[in-house]
2 protein chains.
Amino acid sequence: MTTERPSRPSGPFPAAVTVDLVILTVREGALHVLLIERGNEPFRGSPALPGGYVRPWEGLDETALRELREETGLDGRRLHLEQLRSYGAPDRDPRGRTVTVAYLALGPDLPVPVAGTDAHAARWVPVARALGEGFGLAFDHAAILADGVERARSQLEYTTAATAFCTEPFTMSELRGVYEVVWGISLDPSNFRRKVTRTAGFVVPTGERRAMESGRPAALYRRGPARDLYPPLLRSSEMTASG
Amino acid sequence: MTTERPSRPSGPFPAAVTVDLVILTVREGALHVLLIERGNEPFRGSPALPGGYVRPWEGLDETALRELREETGLDGRRLHLEQLRSYGAPDRDPRGRTVTVAYLALGPDLPVPVAGTDAHAARWVPVARALGEGFGLAFDHAAILADGVERARSQLEYTTAATAFCTEPFTMSELRGVYEVVWGISLDPSNFRRKVTRTAGFVVPTGERRAMESGRPAALYRRGPARDLYPPLLRSSEMTASG
DNA sequence: GCAAAAGTGTTATTATTACACCCATGA
DNA sequence: TCATGGGTGTAATAATAACACTTTTGC
């Protein structure tokens, strides 16, 4: 709280606070989200975003990190993890008033959540399907997921977050593929390369090369220290929509 | 909530949920924030962001709108109002666990909060002072305010939010002044004008003019329908720092 | 050699920047 | 007429977009 309002009877009332995670990755040429299957009512059996209650002694970020570790076995400090926004419609949970703080995590194609301690039926689902008709995401999770995807798209414009989707070391094609998959458009390879390599600190070449299935071997890169992109890499300027 | 975790005893525990408002305006050539003076412990007598408890039947946006109306007497639907982010450090309120959802409101130089029903000692404070040494904002409100200011700066780059600071109708100078005050830099008047007028829907000319203290009368404009700026008006590209 | 993908170069277009200069008004 | 912003024009620079072309691999 922060401001009492003695003149108006509106003191604190108990609410449950949770953290839900929108964990995105790029797999098989499509954006995927990590979903679990609910084991309890309400929405028993429905797919849902992983998440859980904030514990009394935890900060919100801490809860997000813990949930991420529990659900995926991954160290959140090595992923892109940021608070997305909060959702608190009074009827969002039929059991009672809950407010959830959503977090967005971006990571490379993780070895499927099996490492998690209690990864109950966690699985990767293409975002297009999870947001499609009749998929039936629990609660308001479809809206949260949609917001998360939009945030991810925007992050690709102004930050180096795309590298979070790549397993190091990665090729320029792989990085470009992230943009293409997340934005759903095609980018001109040569213009993309120029943009990335000329942005100081976006990627650093390892000097190594990797042979591809076919064609000339590609140079390998790692994430650079830069976090922000200037100038940004705007999707509306669609470099090239060469299907 | 969303995910129970039967294997781990971590059920819901009561937390108070509040909404705090970062209400910004431009006055006398400086960015100001609306602060109240706390009447109760803790931080009794300290300046703080206006805010209050979320009521049982309210959504978060509703609470923000209600608080805005109560504190300033203004209709939030006519201001730029958006969720900023949430803060939930376990020790942020000594009375107990609270999570606050901060909102950012941008408005023209409001007729000082007197209209509010219970505007207890609400006043405009220059942001530079509120964030300065020894000002003593309650709770973690200094961090929230800093985040709000940074968000506002960023919004000016990518959206037409700057018009929210202007009283209609406004002149090009007034709009430019908003950018200069919020960003703390000087902009080249002619380049700024070109940028604004060439962005479809940013502003619409009224056809009227207003005589200034000195010099040629300035054309008047109103907010246009556009919400996003493309291309953006980036502050790093500092048009001109002719300060 | 051929296909395929990496990578380089070149040009046209657009956006940004800097700044010169004219316009309309009050004093 | 002068001082003071408002407002227009223009040229240099930088970024983007489109696309031709060369390189290096596997087969």
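The values are calculated or read from the model by the stated rules, or taken from the named source; none is laboratory data. Values in this document were obtained by computation on a predicted structure and should not be read as measured data. Cβ coordinates were reconstructed from backbone atoms using ideal geometry, including for glycine residues, and neighbour counts include every protein chain displayed. The accessibility values were calculated without ligands, DNA or RNA, using every heavy atom of the protein model including side chains. Shrake-Rupley method; radii C 1.70, N 1.55, O 1.52, S 1.80 Å.
Filtering B:171, B:160, B:197, B:167 for residues that are of a type in the set (S, T, N, Q), away from DNA strand C (no atom under 13 Å from the Cβ) and open to solvent by 20 Å² or more (accessible area, probe 1.4 Å) leaves a single hit, B:167. Within the range B:33-60, the set of residues being in contact (Cβ under 8 Å) with a residue 24 or more places away in the chain and open to solvent by 50 Å² or more (accessible area, probe 1.4 Å) comprises B:37, B:43. Of all residues in the range A:135-145, those being open to solvent by 40 Å² or more (accessible area, probe 1.4 Å) and away from chain B (no Cβ under 13 Å) number 1. Scanning the range A:207-228 for residues that are open to solvent by 70 Å² or more (accessible area, probe 1.4 Å), in a loop (DSSP other than H, G, I, E, B) and over 21 Å from residue A:160 (Cα atoms) yields A:211, A:212, A:213, A:214, A:216.
Scoring residue B:48 on the criteria (1) aliphatic (A, V, I, L, M); (2) within 20 Å of residue A:90 (Cα to Cα); (3) facing chain A (nearest Cβ under 8 Å) leaves a single failure, condition (2).
Filtering B:177, B:96 for residues that are more than 14 Å from chain A (Cβ to nearest Cβ) and either at pLDDT 95 or above or more than 16 Å from DNA strand C (Cβ to nearest atom) (or both) leaves a single hit, B:177. Just wondering, is there one or more residues in the range B:76-90 that are farther than 29 Å from residue A:14 by Cα and in contact with a Gly (Cβ under 7 Å, 6 or more places away or on another chain)? Yes, there is a match, as at least one residue in the range B:76-90 is farther than 29 Å from residue A:14 by Cα and in contact with a Gly (Cβ under 7 Å, 6 or more places away or on another chain). Just checking, does the range A:107-117 include any residue being crowded, with 17+ Cβ neighbours inside 10 Å and closer than 20 Å to residue A:144 by Cα? Yes, that holds for at least one residue.
Every condition in (1) away from DNA strand C (no atom under 14 Å from the Cβ); (2) more than 30 Å from residue A:18 (Cβ to Cβ); (3) without any contact (Cβ under 8 Å) to a residue 60 or more places away in the chain; (4) of a type in the set (A, V, I, L, M) holds for residue A:142 except the one numbered (2).
Among the residues examined, residue B:65 qualifies as open to solvent by 10 Å² or more (accessible area, probe 1.4 Å), within 14 Å of the chain's Cα centre (by Cα) and more than 22 Å from residue A:61 (Cα to Cα).
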